[in-house]
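Note sheet for the following structure.
Bear in mind that the values in this text are calculations on the coordinates, not laboratory data. These numbers come from a predicted model, not from an experiment. Note: ideal-geometry Cβ built from the backbone for every residue, glycine included; neighbour counts use all protein chains shown.
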Amino acid sequence: MLENFSFRTIVEYLPLFGQGLVTTVWLSALSFVGALIVGIVLCAMNLQRGWLFRAPAKAYIDAVRATPLLAQLYFLYFGLPRLGFVLPELVVGIIALSLNSGAYIAEIIRAGILSIPRGQVEASVASGMTYVQRMRLVVLPQAFKVTIPPLLGQAIVLVKDSALLSLISVAELTRAGQLLASDRFMPAEGFLTIAAFYLLLYYCIKGLAVLSSRWLGTAGARA
Amino acid sequence: MIWHQFLSLAGSYPLALRGLGMTVVLSLISLVLGTLLGFGLGILRTGGNRLISIIIGAWVDLIRGTPFLVQIFLIFFILPEFGIELDAFTAGIRSVPTGQVEAALASGLSRWQRMRQVVLPQAMRIVLPPLVGQYVLLIKDSSVVSAIGLTDLTRVGWLVVQRVPNGLLVFFLVGVGYFIVCYPLIMLARRLERRIGAAHGEVQL
Amino acid sequence: MTKTGMIDFRGVNKWFGALNVLKDITLSVEPREVVVVCGPSGSGKSTLIRCVNGLETIKDGNLIVDGQRVGDPATNMTSLRTEIGFVFQSFNLYPHKTALENVTLAPIHVRKIPRAEAEKAGRELLAKVGLADKVNAYPAQLSGGQQQRVAIARCLGMRPKIMLFDEPTSALDPEMISEVLDVMVAVAEEGMTMMVVTHEMGFARKVAQRVVFMDAGAIVESGTPDEFFSHPRTDRSRAFLSKILRH
């Protein structure tokens, strides 16, 4: 039983948890930015007419969706050095998370763009806008609103996925829990504490989602 | 060099098959248990008792808000403290279904409940595509059990790469293994979704 | 050199797959002329005017608009389109922009008119279509008739040489039709070159110089509104008129 559950040890290890939490937050944020870039590029490729760009983008997205992140992480972790890239674990982790989430974000953005009615595009074509102007002034501002909620959902997934980086020894939140578990043989203290921290992050992003939906719901069109 | 590695890899195919078998068996058992549990929770949650639905809602949040790796560590390391001894395999099964399946079902079924006039087959058609999607997630999530020492496909890759130092090749093959299992399910989910879209008269994109 | 109209169809054909949706169309619209195009649904009338600004591409024949050949690689369609206003059946206002922003968006970004100047012109145009008090309203806050009037103002904001209307009143509730038609009459009376797909005979009689009747992708009959409505020459146009008159 947990009768000797030691809050003292948790307090003692709090600086370590704090560092882990901070690392998880910033590496997730950085990966999310990376994933947005990957996603936008993939989505742009996927929306082209010719198969030359579309086929590789589709293949990439399918490959990522049909394989586990952990296998992708190991693929990069054990594979990159063979290609001559010897990178710190943290960097490998951020690359893996960006490449993985990017595939999902590409689909989110695509769904957002395709949700814009055809008539909107025709109206902007008829008024003499170029492709770039159409995208910038008409399509993307509307698609933006549709994509915010699923993007925040993806952000939650990304934060949770970042726990896997502990398996390649990145010193993030889960790693902090593992250290407490193995140093002091206190797995309950270690893993329950980090679970609480992850829940905190989860509710933060969820709160953001609620705020954003309220903000998006009132601003502009209410169609 | 490459040829040598290929031979060495070919030599470890029984291990790879065992890993794939473990992944499939673990996923299948988890899938069945998870679906049953999910239906149970979903029906309880929409049953009208506020207290129960709040508790289940909190439970679902707890599951959705924490990484699967952390959940599996909690089960593997903490249950023994309550006198429940689990081998890694049982721990794997216990934790995989508590992953996401019931969350999907809970939300799917509450939607069903809101539309009381809708009959069961129609509800199943709403639930089915996200459910199949969750099965794909479940199979992929099962890779995390390698962290508690189960020799599933991912762990096989991890073991082999210690011997054959070609991570690109080894984990490419691991990826192919998962792809073979998951991709048909992804296609199935897409087809189901399209059929529902057509039934609802939505525009196909 | 032969005299060309503002819009000149010469032997234009278009197919959707095996379906010949425009059959050998020859039609010339003079500057300041108002031409009403009517016909049963599926007759190709919408396709016809959508070809004028290149929303549809033509298979063969020549289509010359404002002296430029549509579909010719040498023609800059983007700049040609700035000379052609297009009013859609379903309005297609930008839902994330106010009425004024809808009117000023293209003038500012395509015509490169300074914002202050564009906004001043935009307010005047909205006043002209009777919506001075709706300048800051979003499309979702406007009725169908009001949205369509904003859409017309949006086209006028580009100071086009030609205005095309694709069934502008058929998505409207009956009580809103006249407010839109009144605006269209005012635009016509200022001397705009217009092609209007509509079944509104009152509008046709009032401002159109010519009515073109289409059926099954071909122009079947063409004449002044009086000739067409009072003495239709073909069985098909008589059948069509008896149907719309019954309403």
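Helix C:115-128 axis versus longest C-alpha principal axis of chain C: approximately 60°, rounded to the nearest ten.
Taking a straight line from the alpha carbon of C:K243, these aspartates and glutamates sit under 15 Å away, with near neighbours fewer than eight places off in the same chain left out: C:E200, C:D215, C:D235. Taking GluC sites (Glu not before Pro) across the range C:147-247, the ones in a DSSP loop with at most 14 further Cβ atoms lying within 10 angstrom of their Cβ are C:E190. Averaged over the residues of peptide C:96-102, the number of Cβ atoms from other protein chains lying within 10 Å of each residue's Cβ is 3. Between the amide H of C:M214 and those of C:C38, C:G39, C:V220, distances stay under 5 Å, these residues lying 5 or more places away or on another chain, with hydrogens modeled in the peptide plane. Restricting attention to the range C:160-236, close to 50% of DSSP beta bridges with both partner residues there are antiparallel. Axis of helix A:89-114 versus longest Cα principal axis of chain A: the two differ by about 30°, to the nearest ten degrees.
Dividing the summed helix terms, -39500 (n - 2.57) for each DSSP H run of n ≥ 4, by the number of residues in chain C produces a 222 nm estimate of -11000 deg cm²/dmol to the nearest 500. The ellipsoid that matches the Cα gyration tensor of the range C:100-247 has semi-axes, each √(5λ) in whole angstrom, of 33, 16, 12, with the longest given first. Of all aspartates and glutamates in the structure, those lying under 14 Å Cα to Cα from C:K120, and not within fewer than 8 positions of it along the same chain, are C:E101. Packing here is the average count of other Cβ atoms within 10 Å per residue, and on that basis the peptides A:35-46, C:115-126, highest first, run A:35-46, C:115-126. Enumerate the lysines that C:K59 could reach by cross-link, defined here as Cα to Cα under 25 Å, with residues fewer than 8 away along the same chain left out. Reachable lysines: C:K3, C:K14, C:K23, C:K45. Percent of Cα-Cα pairs per 5 Å bin, from 0 to the last occupied bin, for the range A:45-120, please list those. With a bin width of 5 Å, the distribution comes to 3, 14, 19, 19, 17, 13, 8, 4, 2, 1, 0. For the range A:99-200, the gyration tensor built on C-alpha atoms gives a prolate shape. Its axis ratio a/c (a ≥ b ≥ c) is at least 1.5, and a/b is the larger of a/b and b/c.
When both bridge partners sit in chain C, DSSP labels roughly 55% of those beta bridges antiparallel. Annotation note: trypsin sites (Lys or Arg not before Pro) in the range C:44-90 located in DSSP loop regions with a Cβ neighbour count of at most 16 within 10 Å are C:K59.
Global size of chain A: 21.2, 74 Å for Rg and Dmax (C-alpha atoms, Rg to one decimal, Dmax whole).
Residues whose amide H comes within less than 5 Å of that of C:E33, counting only those at least five positions distant or on another chain, are C:M194 (H built at 1.01 Å from N in the peptide plane). When the alpha carbon coordinates of the range C:22-112 are projected onto the principal axes, the ranges are 42, 34, 26 Å, largest first. Remark: mean inter-chain Cβ contacts per residue of A:75-85 equal 4, using a 10 Å Cβ-Cβ cutoff to other protein chain atoms. Working note: Karplus 6.51/-1.76/1.60 with θ = phi - 60° gives the range A:6-13 the couplings 10, 5, 4, 5, 4, 4, 4, 8 Hz, where Gly and Pro are set to x. In plain terms, the C-alpha convex hull of the protein assembly as shown casts an average shadow of 39.0 nm² when viewed from every direction.
Using the Cβ of C:M176 as centre and a radius below 12 Å, the other residues enclosed give a net charge of -3, where K and R count +1 and D and E count -1. From Cα pairs below 8 angstrom and at least 6 apart in sequence, can you work out the relative contact order of the range A:25-171, rounded to a whole percent? So the answer I get is 34 percent.
Put in line by how crowded their Cβ is, counting other Cβ atoms within 10 Å and starting with the fewest, B:Y183, A:Y104 read B:Y183, A:Y104. Sequence-ordered 3J(HN,Hα) estimates for the range B:135-149 from the Karplus curve with 6.51, -1.76 and 1.60 and θ = phi - 60° stand at 4, 4, 4, 4, 4, 5, 4, 4, 4, 5, 5, 4, 5, 9, x Hz, glycine and proline given as x. Per-residue ellipticity at 222 nm, computed for chain A from helices alone with -39500 (n - 2.57) per DSSP H run of at least four residues, works out to -25500 deg cm²/dmol. Each peptide in A:47-55, C:236-244, C:36-44 was scored by the mean count of other Cβ atoms within 10 Å over its residues; highest first, the order is C:36-44, C:236-244, A:47-55. Shape index of chain C: Rg/Rh, with Rg the Cα radius of gyration and Rh the Kirkwood radius from the inverse mean 1/r over Cα pairs, equals 0.97.
Phi-derived couplings, Karplus 6.51 cos²θ - 1.76 cosθ + 1.60 at θ = phi - 60°, listed residue by residue for the range B:154-161: 5, 5, 4, x, 5, 5, 5, 5 Hz, with x used for Gly and Pro.
Shielding by partners for peptide A:135-143, expressed as the average number of C-beta atoms from other protein chains within 10 Å of each residue's C-beta, is 3.
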